[in-house]
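The values are calculated or read from the model by the stated rules, or taken from the named source; none is laboratory data. Note that the structure is a prediction, hence the values are computed from the model and not measured. Reconstructed Cβ throughout: ideal geometry from the backbone, glycine too, with neighbour counts over all protein chains shown. Accessible surface areas use protein heavy atoms only, side chains included; no ligands, DNA or RNA. Shrake-Rupley method; radii C 1.70, N 1.55, O 1.52, S 1.80 Å.
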Amino acid sequence: MNVIFKILKWILKAIGLLLAIIIFAGLIFRLFAPEPQPPGELIDIGGFSLHINSVGERNNKPTLIIESGAGAPSEYYYWLGEGLKDSMQVVRYDRAGIGYSDVSDTPRDPETIARELHTLLEKAGVSPPYIMAGHSYGGHYIRVFTELYPDDVLGLVFLDSPHPNESKRLNMPPEPKFLNELYNIGAVLGDLGILGLFDRILGPILWVPGLPEEVTERYHDYTLNGNYLWGYLKEEKWYPKLVEMSDMTSDFGSRPIRVFAGTNLNENALLKMGLNPEAIRTERRKLQEELAGLSTNGQAFFLKGGHITIFSQKENADIICGEILKLLRELEME
């Protein structure tokens, strides 16, 4: 018995020593890590700064404002900016705590986020009219923004955005509660520098396919501390309220709406949850068409891609850019 206890004691000591070494290495890494180099500019909107990245010259056409999905940095939408910058101004930005933006102590409710974006655009000199583009959760945010500032918005673009009733209609199971615990652990590891250290060793955690290396190399900046995950967790607490407010904005009259949705599904994951992939695909198509039906001038497009690759892959981004340019010409004729 004594031998077993001695072995366990040495194992625990070894584990403790290993953890101490990892924490020490993380703190050293964080202390000497290079300063982040945002591609855009940081603008103080009242006690904290948001990162805004604008490409293309301001002209007499509307400006495209891209609202990111949950936890998605503005760099994900690189090809949309590149594809449209010769014809219009395109603005990408990071919400508080995401990407290069500061974490904010303000509540992350939908109205606050919409007002912060409005303030950011004013301070950056980006005047309306706007075409609002929202990816994933961003689709809910642009609906709230349009409700608060209807005179500023000429059209809406949804990029694989969920319908407010999607989870119920698709009978999707709730997200496992342990995921939030993992995010909290990840945020602490980020503050200790451990997340950033492993990100440098193993490659960017937030890497997505299709984007150039000059973009993906910047992803290392997001894990230099825990701000990114803290920012995401603060937003996630308000998600039910976001969906509720989004659902209340259900009539956009004749304001143009363009919906782009990916057709790729993780069929194995759906089967494991006891769901029929074909039934999900059919119902999801109806939901996306209903988003387009929020306006009398709505169209839905279905692209061969996933939740992110419908715009991170250049060939898909080119299709989206082409339809946005058609929308611009339509608005010019009015």
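When you look at Gly125, is it assigned to a loop (DSSP other than H, G, I, E, B) and surrounded by fewer than 17 Cβ atoms within 10 Å (Cβ to Cβ), yes or no?
Values: assigned to a loop (DSSP other than H, G, I, E, B): yes; surrounded by fewer than 17 Cβ atoms within 10 Å (Cβ to Cβ): yes.
Yes; evaluated as a whole, the condition is true for this residue.
Among the residues of the range 204-214, is any more than 25 Å from Asn266 (Cβ to Cβ) and in contact (Cβ under 8 Å) with a residue 40 or more places away in the chain?
We begin by selecting, within the range 204-214, every residue more than 25 Å from Asn266 (Cβ to Cβ); these are 212-214.
Still in the list and also in contact (Cβ under 8 Å) with a residue 40 or more places away in the chain: 212.
Yes, the range 204-214 has at least one match.
Evaluate the following for Asn60: is it free of Cβ contacts under 8 Å to residues at least 60 places away in the same chain and either in a helix (DSSP H, G or I) or out of contact with any helix residue (DSSP H, G or I) (no Cβ under 7 Å at 6 or more places or on another chain) (or both)?
yes
Taking the range 84-100 as the region of interest, how many residues are at pLDDT 95 or above and among the hydroxyl-bearing types (Ser, Thr, Tyr)?
Of the residues in that region, 1 qualify.
State which residue pairs qualify: first residue without any contact (Cβ under 8 Å) to a residue 40 or more places away in the chain and assigned to a helix (DSSP H, G or I) and inside the range 67-84, second residue of a type in the set (Lys, Arg) and crowded, with 22+ Cβ neighbours inside 10 Å in any location, beta carbons under 8 Å apart, and separation of 6 or more residues or different chains.
Between residues of the range 67-84 that are without any contact (Cβ under 8 Å) to a residue 40 or more places away in the chain and assigned to a helix (DSSP H, G or I) and residues that are of a type in the set (Lys, Arg) and crowded, with 22+ Cβ neighbours inside 10 Å, the close pairs are Ser74/Arg92; Gly81/Arg92.
Tell me, which residue of the range 137-163 that is assigned to a loop (DSSP other than H, G, I, E, B) and on the phi < 0 side of the Ramachandran plot is surrounded by the most Cβ atoms within 10 Å (Cβ to Cβ)?
Among those that are assigned to a loop (DSSP other than H, G, I, E, B) and on the phi < 0 side of the Ramachandran plot, it is Ser161.
Scan the range 260-279 and give yes if some residue there is outside any loop (DSSP other than H, G, I, E, B) and under 21 Å from Val144 (Cβ atoms), otherwise no.
Yes, there is a match, as at least one residue in the range 260-279 is outside any loop (DSSP other than H, G, I, E, B) and under 21 Å from Val144 (Cβ atoms).
Hey, can you tell me all the residues within the range 238-281 that are within 30 Å of Asp105 (Cα to Cα), surrounded by 14 or more Cβ atoms within 10 Å (Cβ to Cβ) and hydrophobic (A, V, I, L, M, F, W, C)?
Trp238, Leu242, Val243, Met245
Among (1) touching a residue at least 40 places away in the same chain (Cβ under 8 Å); (2) more than 20 Å from the chain's Cα centre (by Cα), there is one condition Asp160 misses while meeting the rest; what is its number?
Of the numbered conditions (1) touching a residue at least 40 places away in the same chain (Cβ under 8 Å); (2) more than 20 Å from the chain's Cα centre (by Cα), the odd one out for Asp160 is (2).
Go through the range 254-280 and give me each residue that's of a type outside the set (Val, Ile, Thr) and either touching a His at 6+ places or on another chain (Cβ under 8 Å) or under 26 Å from Leu80 (Cα atoms) (or both).
Ser254, Arg255, Pro256, Arg258, Phe260, Ala261, Gly262, Asn264, Leu265, Asn266
Could you identify the single residue in Ile45, Ile113, Ile66 that is farther than 17 Å from Tyr232 by Cβ, open to solvent by less than 20 Å² (accessible area, probe 1.4 Å) and of a type in the set (A, V, I, L, M)?
Exactly one residue qualifies, and that residue is Ile66.
How about the range 164-216: which helices (runs of 4 or more DSSP H) wholly inside it have at least 1 residues that are open to solvent by less than 50 Å² (accessible area, probe 1.4 Å), at pLDDT 80 or above and closer than 25 Å to Gly138 by Cα?
Qualifying helices (runs of 4 or more DSSP H): 166-169, 178-191, 213-216.
A quick yes/no check of all residues on (1) aliphatic (A, V, I, L, M); (2) within 16 Å of Gly190 (Cβ to Cβ):
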residue: Asn2; (1), (2): no, no
residue: Leu8; (1), (2): yes, no
residue: Ile15; (1), (2): yes, no
residue: Ile22; (1), (2): yes, yes
residue: Pro38; (1), (2): no, no
residue: Asp44; (1), (2): no, no
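Quick one: Leu120 ticks every box in (1) open to solvent by 60 Å² or more (accessible area, probe 1.4 Å); (2) assigned to a helix (DSSP H, G or I); (3) under 19 Å from Gly69 (Cβ atoms) except a single one, so which number is it?
All conditions pass for Leu120, except number (1).
If the Cβ limit is 8 Å and pairs must be 6+ apart or interchain, which residue in the range 269-295 that is within 16 Å of Lys168 (Cβ to Cβ) pairs with which residue that is open to solvent by 40 Å² or more (accessible area, probe 1.4 Å) and charged (D, E, K, R)?
Cβ pairs passing all conditions: Glu283/Arg169; Leu287/Arg169.
Can you tell me which residue in the range 280-331 is nearest to Pro212 (Cα to Cα), limited to those that are among the hydrophobic types (A, V, I, L, M, F, W, C) and out of contact with any helix residue (DSSP H, G or I) (no Cβ under 8 Å at 6 or more places or on another chain)?
Filtering the range 280-331 for residues that are among the hydrophobic types (A, V, I, L, M, F, W, C) and out of contact with any helix residue (DSSP H, G or I) (no Cβ under 8 Å at 6 or more places or on another chain), the one nearest to Pro212 (Cα to Cα) comes out as Ile319.
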